[in-house]
Structures are given as structure tokens and as C-alpha cells.
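Reviewing the structure listed below.
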Amino acid sequence: MLTVASDIDVLARFGRALADPIRCRILLALRQAPAYPADLADQLGISRTRLSNHLACLRDCGLVITAPDGRRTRYELADERLGHALDDLRAAMVAVEADKTCPDAESKGCC
């Protein structure tokens, strides 16, 4: 059981970052390769302003960092282990989704 406040805070920040589908898409894109904001906005089909707001949230959560590249700024995951964690979390969620062991899942939509 997690009791250390800093551990709980870290997980809460990660959860906040994953709570928005656009932020999830950004993290998955950056998992593939670092990217520039303009390229990310085009890739995700969102405005640069909207992307900027989400990148700020991900920076505040400590999940992405910026890397200056001449006159441009590139974004990347703060740690390569985050990419592995995203893969593991996605795989676990897909497995749980496929294994609806709750007998009331179909009738109550609870699981």
C-alpha cells in the first residue's frame, strides 16, 4: 500500500496527465520519437494553441521535457522508462478489458 505522500503525488500527477485523450495521444506520439510542437499539432490534427496547453500540463506533471534545437524547441519524454510504462499500462488495460470476469459486466455495465 502506498503511504508516502510523494509516491501518491507522483501517481496522481501521472493520472492527471492520462485523464485527457489528447495528452494520451501526445505521450504516445512522443513515445515513438521526439517532436516539434508544429509537427505534433499537424500529426494530431489539433491547433497549436491547444497543443501548447496540453504540453504545458505534461511539463508540469514532469512527463515531458524540452530540448532546445537551434531556434526551435523539441519535446520528448522526460525518461525513456515512461515509454515502457505506457506500453505496460496499455497492455494491462487491454488484457483487463478482454477478461471481463465480473458476472454482472454485461447486464450492469460495471466492469
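The values are calculated or read from the model by the stated rules, or taken from the named source; none is laboratory data. On a predicted model such as this, the values are computed, not experimentally measured, just so you know. Glycine also receives a Cβ, built like all others from the backbone with ideal geometry; neighbour counts cover every protein chain displayed. Accessible surface is based on the protein model in full, side chains and every heavy atom, while ligands, DNA and RNA are left aside. Shrake-Rupley method; radii C 1.70, N 1.55, O 1.52, S 1.80 Å.
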Q.
Nearest 10 degrees is fine. How inclined is helix 21-32 to the longest principal axis of the chain, computing both from alpha carbons?
A. 70 degrees
**Q.** Descending principal axes extents, the chain, alpha-carbon based, whole Å
**A.** 57, 36, 22
Q. About the Cα centre of the chain, what is the dipole size in debye to 20, counting +1 per Lys and Arg Cβ and -1 per Asp and Glu Cβ, all else neutral?
A. 500 debye
Q: Find, among the trypsin sites (Lys or Arg not before Pro) in region 15-98, those assigned to loop by DSSP (not H, G, I, E, B) with at most 12 other beta-carbon atoms within 10 angstrom.
A: R71
(Q) What is the angle, in °, between the Cα long axis of helix 48-60 and the longest principal axis of the Cα atoms in the chain? Nearest 10 is fine, range 0 to 90. (A) 70 degrees
Q. Which value, in Å² and to the nearest 10, is the accessible area of C24 when all protein chains are kept and the probe is 1.4 Å?
A. 40 Å²
Q) How large is the helix-only mean residue ellipticity at 222 nm for the chain, computed as the sum of -39500 (n - 2.57) over DSSP H runs with n ≥ 4, divided by its residue count, in deg cm²/dmol to the nearest 500? A) -19500 deg cm²/dmol
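Taking every eigenvalue of the Cα gyration tensor of region 1-62, multiplying by 5 and rooting it, what semi-axes result, largest first, whole Å?
Working: eigenvalues 134, 23, 17 Å².
After diagonalising the Cα gyration tensor, the semi-axes are 26, 11, 9 Å.
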